[in-house]
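Read the structure below first, then the notes.
The values are calculated or read from the model by the stated rules, or taken from the named source; none is laboratory data. What you see is a predicted model, and the numbers here were worked out from it, not measured in a lab. With ideal geometry, Cβ positions are generated from the backbone for all residues, glycine too; neighbour counts draw on all protein chains shown.
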Amino acid sequence: MTEKYDVCVVGSGPGGYVAAIRAAQLGKRTAIVEREALGGVCLNVGCIPSKAMITAGHFYHRMQHDASTMGFEMPAEIRIDMQKLQAWKQSVCGKMSGGVAQLLKGNTVTVFMGEASFHNAKTLQVKGTSGTQTIEAANYIIATGSRPIEIAGFAVDEKDVLSSTGALALDEKIKRVVVIGGGYIGLEIGSYMAKFGTHVTVVEAGPALLNGVADPDCVQVVARRLKKNGVDVLLGAKAKGYKKSKDGLIVTIEVGGKEQTLLADKVLLTVGRKPNSDQTGLKSIGLTLDEKGFVKVNPQRKTNLPGIYAIGDIAGQPMLAHKASHEGVLVAEVIAGQNRVYDAKTVPAVIFVDPEIASAGWMESECRAHGHEDLKIGKFPFAANGRAVSMMETDGMVKIIADAKTHVVLGIHICGPEASNLISEAALAIEMGARLEDIALTIHPHPTLGETMMEAAEAALGHAIHIIQKPLTERASNGTRPSV
Ligand code: NAI
């Protein structure tokens, strides 16, 4: 029997489930299809489990390194039961996925578990354990996400060569791991593995870690911390292949035209992700894709086919959960007849390395590329912030970049404690077209990490209180503060 819906969402990640809930809130008869677990990659094998492991790694590291400074008498060896850690991590994911199930049920969204495939542009078939179901919907929202890229010489088997999914599921301590790719995933996982005592070597083909995706000042802080935590980083190093030996895996890399080998127990392959646009019958119904395989969408996330929308990783960069959720709400509202378009000025991004990096808006190079030649840049170090000192987390800084003439804030980059939680103020500032003065003149509570944002804005204006800035020429000559 064919079931009819106003809206059918394909994929239940942070794009899909949010779209389904919003569509149901707006009175649409809504269905959602998922082939694995509700919540998608993010909740089950991505954002959430990685944050659980990162939290545990941070906790362990602080017990080993910081607790005694605070006066705790710690045992010589703090043991960790990796199987119990895995069980806890799974319970975190279980709670989140269960929460999505509850929300969908509470909003009367019908859930179909199974593999979805378009029969034609109007009909979807779902192959589940109890047979095939046909769905006909007036509107489809494709939110089927992305998957890891593989490279020649490293077929992921989740035994020797791990994807992020395999790495997050490890229930034993690994002695040596070679991480291929010094991007978001490789560094997040590599960082916590190092804290659990694994010797980590990062092999990155580009000239820098997080190349082009994070502010270079922030990357420098993280690179120093990686070194301190015993992580070896090889830049300009291309991974070529591996073979097994009795001592472990022999990984061949090429640096400066010369081959070298590294010994490892596991390889973690994190060289990017690609959209799942070759699945779900998307090509057969004639959806237009771009040259990188993303589904082409307009600012309302409409595809070239009427009644078919695409959101999240499959609809283009940045491949971030919160961008997907934003699009999910937007598309549901468009379907309900509201006048919505995607017009976000910034998609904030967080990299959960140590210390965390978070950003909103442009990097310096991007400001210049957008015609802002003359910039005012203010930096304020966490070492000069009382809350950070009391937390023993003083590495890093807040960096604010503004147009020198208008003082409009163009980019904010944070590397340091709770950067992930601090960045929302930056995103709001950029969305609202804030000037440096808006941030500097907003009273920030003391003692908090948030004061660094205010002081970075003051630093850009030349008068931060808790760092000594070079006297400005104007002030030096007549003793007054320059007008802004
Ligand atoms: P990525 O694109 O961030 O980094 C991949 C790196 O691998 C690049 O630096 C590239 O130069 C390098 N590489 C490629 N081939 C290589 C080779 N043969 N040898 C050595 N290095 C090589 O990709 P990643 O880390 O897999 O992440 C994928 C996406 O997932 C990110 O772009 C991000 O959108 C998303 N993500 C977001 C997170 C967050 O919001 N906190 C966390 C994790 C992932």
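Scanning region 221-240 for residues that are exposed (fewer than 14 other Cβ atoms within 10 Å of the Cβ) and on the phi < 0 side of the Ramachandran plot yields Arg224, Lys227, Lys228.
Taken over region 1-20, residues that are assigned to a loop (DSSP other than H, G, I, E, B) and either surrounded by 21 or more Cβ atoms within 10 Å (Cβ to Cβ) or at pLDDT 95 or above (or both) amount to 5.
Assessment of region 75-91 against the conditions (on the phi > 0 side of the Ramachandran plot and at pLDDT 95 or above) yields no matching residue. Of the listed requirements (1) in contact (Cβ under 8 Å) with a residue 40 or more places away in the chain; (2) farther than 28 Å from Arg62 by Cα; (3) among the aliphatic types (A, V, I, L, M), Val179 misses just one: (2). Do we find a residue being among the β-branched types (Val, Ile, Thr), within 16 Å of the ligand (Cβ to nearest atom) and touching a strand residue (DSSP E or B) at 6+ places or on another chain (Cβ under 6 Å) anywhere in region 352-368? Yes - at least one qualifying residue is present in region 352-368. Of the strands (runs of 3 or more DSSP E) entirely within region 103-206, those holding at least 3 residues that are more than 16 Å from the ligand (Cβ to nearest atom) occupy 110-113, 115-120, 123-128, 131-142. Tallying residues that are surrounded by 21 or more Cβ atoms within 10 Å (Cβ to Cβ), more than 15 Å from the ligand (Cβ to nearest atom) and closer than 17 Å to His326 by Cα within region 21-58 yields 5. Evaluation of Arg301 against the conditions (1) surrounded by 14 or more Cβ atoms within 10 Å (Cβ to Cβ); (2) within 16 Å of the ligand (Cβ to nearest atom); (3) not hydrophobic (A, V, I, L, M, F, W, C) shows that the sole unmet condition is (2). The set of residues from region 319-345 being hydroxyl-bearing (Ser, Thr, Tyr) and more than 14 Å from the ligand (Cβ to nearest atom) comprises just one member, Tyr342.
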